[in-house]
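Peer 1: Structure in structure tokens, see below.
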Amino acid sequence: MYVNGFIVPVPAENKDAYREVAEKFWPIARDYGCIGHVEAWEADVKDGKHTDFRRAVDLKAGEKVVFSWMSWPDKATADAAHEKMMTDPRMETFGAPDGSDMPFDGKRMIMGGFEVIVQKEA
């Protein structure tokens, strides 16, 4: 399994708009092989002594942190899906190509790809 992880700063008043974007994005990702998608809204994010989620995304007053991940069968599927998703005509419904009208600041989003080394479920 392969995971794309994200930390996103979102203005608190944009919570519903952010959820709508995530809901619209899921069918596109699923169609290209994504097997799971989670968007988690800040509920208990504490300030750290050296670093923390807030500092990582340069959180501004009135913003919340979203912790998100997408699961893929493997890295090859995730990599192949990325370009296909970005050129999928359904992405045009998200607004401006540069993302300037999205309900979050994509310039401060942190993302990365991870290979799962331990996974447990009850």
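Peer 1: Can you find, within the range 1-54, the residue that is nearest to the chain's Cα centre (by Cα) among those that are modelled with pLDDT under 95, among the basic types (K, R) and farther than 25 Å from T77 by Cβ?
Peer 2: Of everything passing the filter in the range 1-54, R54 is nearest to the chain's Cα centre (by Cα).
Peer 1: I would also like to ask the following. Give the residue that is farthest from M1 (Cα to Cα), with candidates limited to residues of the range 41-84 that are of a type in the set (F, W, Y) and in contact (Cβ under 8 Å) with a residue 60 or more places away in the chain.
Peer 2: Residue satisfying both the conditions and the ranking: F67.
Peer 1: Between a first residue in the range 99-122 that is in contact (Cβ under 8 Å) with a residue 12 or more places away in the chain and on the phi < 0 side of the Ramachandran plot and a second residue that is open to solvent by 40 Å² or more (accessible area, probe 1.4 Å) and acidic (D, E), which pairs have beta carbons less than 7 Å apart while being 6 or more apart in sequence or on different chains?
Peer 2: Close Cβ pairs satisfying both conditions: R108/D58.
The values are calculated or read from the model by the stated rules, or taken from the named source; none is laboratory data. Model, not experiment: these values are computed from the prediction. Glycine gets a Cβ as well: all are built from the backbone with ideal geometry, and neighbour counts include every protein chain shown. The area values use the complete protein model at the heavy-atom level, side chains included, leaving out ligands, DNA and RNA. Shrake-Rupley method; radii C 1.70, N 1.55, O 1.52, S 1.80 Å.
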